[in-house]
Amino acid sequence: MSNDAALASEDELRFMADLIQRQPKGQTLLQPFYCDPRVLEWDLEVALRSGWLLAGHASRIREPGDYFVYEIAGEQLIVVRGDEGEVHALVNVCRHRGSRVCLEAEGNAKAFVCPYHAWTYARDGALRSARNMPDDFDRGRHALHRAQACEVEGLIFLYLGDGDAPDLAPASRAMAEFLGPHALASAQIAEREVGVVNANWKLVIENFLECYHCASAHPEYTRRNPVTAWHYLEDGRGESAKQLAVDWTKRVAQLGHVVGGIYQLDGDAPEGVQGFGCSRVPLDPDFISQTRDGKPVAPLMGALRVFDGGETGVQVGHTSFVLAYNDYAVLIRFTPKTPLETLYEFTWLVAGDARRGTDYEPADVAWLWRTTNDQDTTIVNANQQGVLSRWYQPGPYSEGEPYTRSFIEGYLARLRQAVEARRA
Amino acid sequence: MSNDAALASEDELRFMADLIQRQPKGQTLLQPFYCDPRVLEWDLEVALRSGWLLAGHASRIREPGDYFVYEIAGEQLIVVRGDEGEVHALVNVCRHRGSRVCLEAEGNAKAFVCPYHAWTYARDGALRSARNMPDDFDRGRHALHRAQACEVEGLIFLYLGDGDAPDLAPASRAMAEFLGPHALASAQIAEREVGVVNANWKLVIENFLECYHCASAHPEYTRRNPVTAWHYLEDGRGESAKQLAVDWTKRVAQLGHVVGGIYQLDGDAPEGVQGFGCSRVPLDPDFISQTRDGKPVAPLMGALRVFDGGETGVQVGHTSFVLAYNDYAVLIRFTPKTPLETLYEFTWLVAGDARRGTDYEPADVAWLWRTTNDQDTTIVNANQQGVLSRWYQPGPYSEGEPYTRSFIEGYLARLRQAVEARRA
Amino acid sequence: MSNDAALASEDELRFMADLIQRQPKGQTLLQPFYCDPRVLEWDLEVALRSGWLLAGHASRIREPGDYFVYEIAGEQLIVVRGDEGEVHALVNVCRHRGSRVCLEAEGNAKAFVCPYHAWTYARDGALRSARNMPDDFDRGRHALHRAQACEVEGLIFLYLGDGDAPDLAPASRAMAEFLGPHALASAQIAEREVGVVNANWKLVIENFLECYHCASAHPEYTRRNPVTAWHYLEDGRGESAKQLAVDWTKRVAQLGHVVGGIYQLDGDAPEGVQGFGCSRVPLDPDFISQTRDGKPVAPLMGALRVFDGGETGVQVGHTSFVLAYNDYAVLIRFTPKTPLETLYEFTWLVAGDARRGTDYEPADVAWLWRTTNDQDTTIVNANQQGVLSRWYQPGPYSEGEPYTRSFIEGYLARLRQAVEARRA
């Protein structure tokens, strides 16, 4: 992103190349990957600006001019509904003297007027007015910087990279199939929670991608999610969960509901195509939804006509997730804030016409994932603390962490490629 | 200042030379100038230790032994009235083991006794006593380090540099002419406010040196200061303000009051002479003073016998300012604290014999500049945030920011000169 | 400690060698020694991992499984009583993905179960269980990292280095002689206080090793400790204190109590042997114990049968101290936290069978050293602030600071040796 990135490149390249070369295979990363500010700069370029990132739910910007501010690693982008209903992502930095243009976290704006000298930008970022500029000043060259934005199934995605964005069409088709029945585009936000984990973003993602820790850390989640959480228990429950999934899939397919899964992530995603995964699995038979008592906490979403007790899981890249139950869905995104801090955002959705207080209580909708995320925050904070130790050294991944391991391997491959490209 | 400054000089010189070389002309500075700790070190040497800095009002140290502590970039100097009424500026670092010698922010001291081992220093910094030192210990070589200090029109200025201080005589003569009628030396402090802007000191100064932002950011100030604030409005008000100034100047000169201005800053100040500016302009005719309702908030100051509705502006270097109205004056100084923090100090003065609560209310005296500074703090904080973005790039100055632009150009010229001198 | 330490070694070696070479002899250290993070890394290797460190009192872990967490420079070691009564020091970093294994500051544990994935370690750090590991996984190679631990006179010491620990036998014999009569192993903790000084650990130690500052900074301590505190007063009191010590020693020896001293620190400790010092001196005759009113605040400790008004001082290395009076003892330890922060821990002990509230009041027992430490904290904070100044330069040690000076000289000698060894 920065013009100055090139400056330190010699030393940094050597640092990164050495680090990558010393990294043992199949193990957790070397300490600097989890704390060094220089690595975060590479992460931003290589891991986070190379794919589409979930920014939020479309209902936050229904009308032209509606906007919210998206944050990543100290950056702010204004995600705004344009005059024709399109979505723009504008870098929140005035082209005059660099001030934040928008100081509110969300709102509606006819135009963005910089609070400093009143330079005024249209909803698409074009510079409309700037007083007292010399005759040769070219407004056309002083629009706000922009990122790419698009909308899929009511989800707004951003691409922050400089070049061509990866092809989102395959992921979009899969999301239409798996999320379509939930009609997320017409859903409403029941609850939203934003917070900080005191850990490097990769530790947060490593945590979210495996359920090897579920049995010990998430009793509530584990009770409700046999397919995901019992897989590596060594007491036979893993086998019974497999059978549960097979039986449920057969039964639910007969209802005409989506089943199965598509997984095109890491090594499986073709070059230039956005990696993603979609799948449907059953909850424990005692739970018709992912809730405290197993009963629904909101009306059926979208086109669904009967409860089937399933969980739809969607993943775009490694930082954006959707989990949809029959009665609610939750959007989950993680974005790095500093080398040792990561923002999380959970957005719970229910059917657009459900009435708060009558048809649903926000705290009930949010209960399971709020509980689970609080547990994960504690765990990952403790993970970061240990990783900062002089005695920390990479450890071996278990067979219960295949996605975590493949995330790390894919991350390292991209990084290696980027370092080699920069050196050439 | 530091003996260790030489250490990193090779790398730093290359870093600074490269930065200066890449800086585009006539635009805001490249990002590292606004945040990098290495630049602040250069700033301290080049921009802040090369001229006289306003430390405070003389009334804070009326009697021998009266002192206050002046802070800049983590440094502390004890500004103290000496035995003969002279002013000393003593570095607050014991020559024994480096302790702070004075732990209070202000007070009166017969001598400065280090709280650690009781080494005792006179008001001029001379080491008076130190127990248990070997026979060859030379007290004369262990006085507190000192900066130069002087007093002009009741204002105490410090020079923190190592060599000869720039000649302050021309500035002193101008201050005598422009501030003399206000008799600041016999004034009293009505109110004082110290705070922090979360921004690099140069962003704070850039803000203070231009009124291009006044119309959008300072409605109260703009309403009262047509000459300064309307200049670049494109609605004809600029012209009417010019006429107002011409008419007022003619009328007020007939009263025998000072009018006009002297400007010897940036390129206009001869080598070795302290840069400064002085001027007088009218407020809006509805306002006899820079106050909420336009009426005076305190008695006439000093030798003034009639209200003339003028504003006297004085600037010494780029970080020290005085604004004087008929009934009050305000001293304004900005000092860097860290690369991303700047201290401000506003000191409001009224006539020495005015009675608090009867002749003036501190909050009324402080109202306009407190309001304006609060607005500026918000603005400059937002400016710094945007400047830290990876997307930030230098932007063009408008025709409404000539002094800001010239400050930056002068700053760059000094820096370039210093880097070249160090390289040679 | 770190595998990555080698990385920056070229630059660091040059930095350290240059710093050591520029250090003036017989004066306080150059600024970077007191603040630079690179120096702290060397300090950890050279000064802090080369000797035994006091961790705490044995009564904190009386039963198998009892543990407390010891902190140093961001590291945590679990100090735990093993199954056979032995003491283990386990690095609090899981060998799987690096999480903290133990999140509590103290407690009792049958085993340490990592809160993340439930890897389970025995009290000696051995890995007991880890689910879902591949067949070739070797539990024996994934025990928790360990430090050496031992117990002397009820004091638990740790050795954090990689190689052979220095021989603690001479220090142990001396401690048996000087502390034995107090029976610290059977004592109970009356009070404990942990806090932070905002200063580099070496400034904290420099402070603790000299009483040149006592007269000016510690009136309470000075009143009670003529032998230590009056030594360098220039009013004749030093001589009278010497006589007091001579007389007391003669008298107390006749009681069969230990007198005199052994000092094997700095240059006096043979290579490979743990440096230490032990001594006994009298308090002021008005004070039978180091208390507010001079009267005892608890019953006689251990084997003592009569009060003799003495103070037993023990020092192991430069960061661990014991001061024992007839009725109480205090363990004092300092550990670096960051380059500019140091943890202190004071543990006051009384006889094991004394009854709280009846035989002693914790606040009375703690009064003198709490008061003195609060004063030192203020002093050392002010010392660090001054040392951070650009104007700070090394100053001369007085004749009242011989142990401080010798600590610094020994520190520099070790550092020089380590840098030369690494270069060769």
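The values are calculated or read from the model by the stated rules, or taken from the named source; none is laboratory data. Everything quoted here is computed from the prediction, not taken from an experiment. Heads up, the Cβs are rebuilt from the backbone with ideal geometry, glycines too, and the neighbour counts pull from every protein chain shown.
Please specify each residue of the range A:305-322 satisfying the condition of being assigned to a loop (DSSP other than H, G, I, E, B) and either crowded, with 19+ Cβ neighbours inside 10 Å or of a type in the set (D, E, K, R) (or both). Write out each step before concluding.
Taking the range A:305-322 as the starting set, the residues that turn out to be assigned to a loop (DSSP other than H, G, I, E, B) are A:305-309, A:317-319.
A:Arg305, A:Asp308, A:Gly309, A:Gly317, A:His318, A:Thr319, listed by residue number.
Take the range A:32-47 and flag every residue that is within 14 Å of chain C (Cβ to nearest Cβ) and buried (at least 21 other Cβ atoms within 10 Å of the Cβ). Steps first, please.
The first filter runs over the range A:32-47 and keeps only residues within 14 Å of chain C (Cβ to nearest Cβ), leaving A:32-39.
Residues satisfying the conditions are A:Phe33, A:Tyr34, A:Val39.
Considering only the range C:178-189, state which residues are out of contact with any strand residue (DSSP E or B) (no Cβ under 7 Å at 6 or more places or on another chain) and part of a helix (DSSP H, G or I). Steps first, please.
Taking the range C:178-189 as the starting set, the residues that turn out to be out of contact with any strand residue (DSSP E or B) (no Cβ under 7 Å at 6 or more places or on another chain) are C:180-181, C:183, C:185-186.
C:Gly180, C:Pro181, C:Ala185, C:Ser186, listed by residue number.
Quick grid of which residues meet (1) over 21 Å from A:Ala176 (Cα atoms); (2) without any contact (Cβ under 8 Å) to a residue 12 or more places away in the chain:
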{"site": "A:Val316", "(1), (2)": "no, no"}
{"site": "A:Tyr325", "(1), (2)": "no, no"}
{"site": "A:Trp348", "(1), (2)": "no, no"}
{"site": "A:Gly357", "(1), (2)": "yes, yes"}
{"site": "A:Ala366", "(1), (2)": "yes, no"}
{"site": "A:Asn373", "(1), (2)": "yes, no"}
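Run down C:Leu203, C:Leu233, C:Leu244 and say which single residue is within 14 Å of chain B (Cβ to nearest Cβ) and either more than 26 Å from C:Asp374 (Cα to Cα) or in a helix (DSSP H, G or I) (or both). Quick ask: steps written out before the conclusion?
Numbers: C:Leu233 fails: either more than 26 Å from C:Asp374 (Cα to Cα) or in a helix (DSSP H, G or I) (or both); C:Leu244 fails: within 14 Å of chain B (Cβ to nearest Cβ).
The unique qualifying residue is C:Leu203.
Filter the range C:255-270 for residues that are of a type in the set (A, V, I, L, M), farther than 17 Å from C:Leu168 by Cα and buried (at least 18 other Cβ atoms within 10 Å of the Cβ) and give the result. Steps first, answer last, please.
Initially, the range C:255-270 is screened for residues of a type in the set (A, V, I, L, M), giving C:255, C:258-259, C:262, C:265, C:269.
Restricting the remaining residues to those that are farther than 17 Å from C:Leu168 by Cα gives C:255, C:258-259.
Within the range C:255-270, C:Val258, C:Val259 qualify.
Could you tell me which numbered condition A:Asp164 fails, if it satisfies all but one of (1) outside any strand (DSSP E or B); (2) within 14 Å of chain B (Cβ to nearest Cβ)?
Tallying (1) outside any strand (DSSP E or B); (2) within 14 Å of chain B (Cβ to nearest Cβ), A:Asp164 fails exactly one: (2).
Looking at the range A:377-422, which of its residues are within 7 Å of chain C (Cβ to nearest Cβ) and in a helix (DSSP H, G or I)?
Selection gives A:Ile379, A:Ala382, A:Asn383, A:Gln385, A:Gly386, A:Val387.
Does the range C:17-39 contain any residue that is outside the structural domain of C:Asp266 (by TED's automatic domain parsing), at pLDDT below 95 and in contact with a Phe, Trp or Tyr (Cβ under 9 Å, 6 or more places away or on another chain)?
Yes: the range C:17-39 contains one or more residues that are outside the structural domain of C:Asp266 (by TED's automatic domain parsing), at pLDDT below 95 and in contact with a Phe, Trp or Tyr (Cβ under 9 Å, 6 or more places away or on another chain).
Go through the range B:342-376 residue by residue and tally those that are in a strand (DSSP E or B) and within 19 Å of B:Ser186 (Cα to Cα). Walk me through how you get there before you give the answer.
Here is the first cut: in the range B:342-376, the ones in a strand (DSSP E or B) are B:342-350, B:356, B:360.
Of the ones still in play, those that are also within 19 Å of B:Ser186 (Cα to Cα) are B:346-350, B:356, B:360.
Looking only at that region, the number is 7.
How many residues, within the range C:224-250, are without any contact (Cβ under 8 Å) to a residue 40 or more places away in the chain and not β-branched (Val, Ile, Thr)? Lay out the reasoning, then the answer.
Taking the range C:224-250 as the starting set, the residues that turn out to be without any contact (Cβ under 8 Å) to a residue 40 or more places away in the chain are C:229-230, C:233-243, C:245-247, C:249-250.
Next, only the ones that are not β-branched (Val, Ile, Thr) stay: C:229-230, C:233-243, C:245, C:247, C:250.
The number of residues fulfilling the criteria is 16.
Can you name every residue in the range B:396-421 that is basic (Lys, Arg) and touching a helix residue (DSSP H, G or I) at 6+ places or on another chain (Cβ under 6 Å)?
As a first pass, look at the range B:396-421 and keep what is basic (Lys, Arg): B:405, B:414, B:416.
Across the range B:396-421, the qualifying residues are B:Arg414, B:Arg416.
Do we find a residue being in contact (Cβ under 8 Å) with a residue 12 or more places away in the chain, away from every other protein chain (no Cβ under 12 Å), surrounded by fewer than 24 Cβ atoms within 10 Å (Cβ to Cβ) and within 15 Å of A:Leu144 (Cα to Cα) anywhere in the range A:48-64?
Scanning the range A:48-64, I find no residue that is in contact (Cβ under 8 Å) with a residue 12 or more places away in the chain, away from every other protein chain (no Cβ under 12 Å), surrounded by fewer than 24 Cβ atoms within 10 Å (Cβ to Cβ) and within 15 Å of A:Leu144 (Cα to Cα), so the answer is no.
Only one of (1) of a type in the set (Asp, Glu); (2) more than 10 Å from every other protein chain (Cβ to nearest Cβ); (3) under 20 Å from the mean Cα position of the chain (by Cα) fails for B:Asp359. Which number is that?
Just one mismatch for B:Asp359, condition (3).
Could you tell me which of the residues A:Tyr70, A:Tyr121 is more than 8 Å from chain B (Cβ to nearest Cβ), crowded, with 19+ Cβ neighbours inside 10 Å, closer than 28 Å to A:Ala187 by Cα and not acidic (Asp, Glu)?
Only one candidate passes the filter, namely A:Tyr70.
Say we look at the range A:131-155 and pick out the residues that are part of a loop (DSSP other than H, G, I, E, B) and more than 7 Å from every other protein chain (Cβ to nearest Cβ); which of these is farthest from the chain's Cα centre (by Cα)?
Of everything passing the filter in the range A:131-155, A:Asp135 is farthest from the chain's Cα centre (by Cα).
Answer yes or no as to whether B:Asn383 is within 18 Å of the chain's Cα centre (by Cα) and either basic (Lys, Arg) or under 14 Å from B:Ile205 (Cβ atoms) (or both).
On the way: within 18 Å of the chain's Cα centre (by Cα): no; either basic (Lys, Arg) or under 14 Å from B:Ile205 (Cβ atoms) (or both): yes.
It is false that B:Asn383 is within 18 Å of the chain's Cα centre (by Cα) and either basic (Lys, Arg) or under 14 Å from B:Ile205 (Cβ atoms) (or both).
Kindly check whether there is at least one residue in the range B:259-272 that is under 23 Å from the mean Cα position of the chain (by Cα), touching a residue at least 40 places away in the same chain (Cβ under 8 Å) and in a helix (DSSP H, G or I).
Yes; the residues of the range B:259-272 include at least one that is under 23 Å from the mean Cα position of the chain (by Cα), touching a residue at least 40 places away in the same chain (Cβ under 8 Å) and in a helix (DSSP H, G or I).
Does the range A:206-230 hold any residues that are more than 14 Å from every other protein chain (Cβ to nearest Cβ) and part of a loop (DSSP other than H, G, I, E, B), and which are they? Quick ask: steps written out before the conclusion?
Looking only at the range A:206-230, we keep the residues that are more than 14 Å from every other protein chain (Cβ to nearest Cβ), and these are A:220-221, A:223-228.
Hit for the range A:206-230 is A:Asn225, nothing else.
In a strand (DSSP E or B) and out of contact with any strand residue (DSSP E or B) (no Cβ under 6 Å at 6 or more places or on another chain): does that describe C:Gly98?
Working: in a strand (DSSP E or B): no; out of contact with any strand residue (DSSP E or B) (no Cβ under 6 Å at 6 or more places or on another chain): yes.
Taking the combined requirement at face value, the residue does not satisfy it.
Scan the range A:79-106 for residues that are among the hydrophobic types (A, V, I, L, M, F, W, C), surrounded by 21 or more Cβ atoms within 10 Å (Cβ to Cβ) and within 12 Å of chain B (Cβ to nearest Cβ) and jot them down.
A:Ala89, A:Leu90, A:Val91, A:Val93, A:Cys94, A:Val101, A:Cys102
Quick one: is A:Leu343 touching a residue at least 12 places away in the same chain (Cβ under 8 Å), among the hydrophobic types (A, V, I, L, M, F, W, C) and within 14 Å of chain C (Cβ to nearest Cβ)? Spell out how you get there, then give the answer.
On the way: touching a residue at least 12 places away in the same chain (Cβ under 8 Å): yes; among the hydrophobic types (A, V, I, L, M, F, W, C): yes; within 14 Å of chain C (Cβ to nearest Cβ): no.
No.
Of the residues A:Glu63, A:Glu12, A:Glu84, which is assigned by TED's automatic domain parsing to the domain that holds A:Glu420 and either assigned to a helix (DSSP H, G or I) or not hydrophobic (A, V, I, L, M, F, W, C) (or both)? Spell out the reasoning first.
Details: A:Glu63 fails: assigned by TED's automatic domain parsing to the domain that holds A:Glu420; A:Glu84 fails: assigned by TED's automatic domain parsing to the domain that holds A:Glu420.
Just one listed residue meets the conditions, A:Glu12.
Which condition does B:Trp42 not pass, out of (1) of a type in the set (Phe, Trp, Tyr); (2) modelled with pLDDT of 95 or more; (3) in contact with a helix residue (DSSP H, G or I) (Cβ under 8 Å, 6 or more places away or on another chain), if it passes all the others?
(2)
Does B:Val152 satisfy being touching a helix residue (DSSP H, G or I) at 6+ places or on another chain (Cβ under 6 Å) and closer than 29 Å to B:Gln188 by Cβ? Let's see the steps before the verdict.
Details: touching a helix residue (DSSP H, G or I) at 6+ places or on another chain (Cβ under 6 Å): yes; closer than 29 Å to B:Gln188 by Cβ: yes.
Here the answer is yes, as B:Val152 does meet what is asked.
Across the range A:124-136, what is the number of residues that are on the phi > 0 side of the Ramachandran plot and buried (at least 19 other Cβ atoms within 10 Å of the Cβ)?
First, pick out the residues of the range A:124-136 that are on the phi > 0 side of the Ramachandran plot: A:125, A:132.
Now restrict to residues that are buried (at least 19 other Cβ atoms within 10 Å of the Cβ): A:125.
Residues meeting the conditions: 1.
Report yes if B:Arg192 is over 18 Å from the mean Cα position of the chain (by Cα), of a type in the set (Lys, Arg) and outside any loop (DSSP other than H, G, I, E, B), otherwise no.
Numbers: over 18 Å from the mean Cα position of the chain (by Cα): no; of a type in the set (Lys, Arg): yes; outside any loop (DSSP other than H, G, I, E, B): yes.
So B:Arg192 does not fit the description; no.
Out of B:Asp327, B:Asp293, B:Asp286, I need the residue that is assigned to a loop (DSSP other than H, G, I, E, B), acidic (Asp, Glu) and touching a strand residue (DSSP E or B) at 6+ places or on another chain (Cβ under 8 Å). Which one? Step through it out loud before you land on a result.
Working: B:Asp293 fails: touching a strand residue (DSSP E or B) at 6+ places or on another chain (Cβ under 8 Å); B:Asp286 fails: touching a strand residue (DSSP E or B) at 6+ places or on another chain (Cβ under 8 Å).
None of the other options fit; the residue is B:Asp327.
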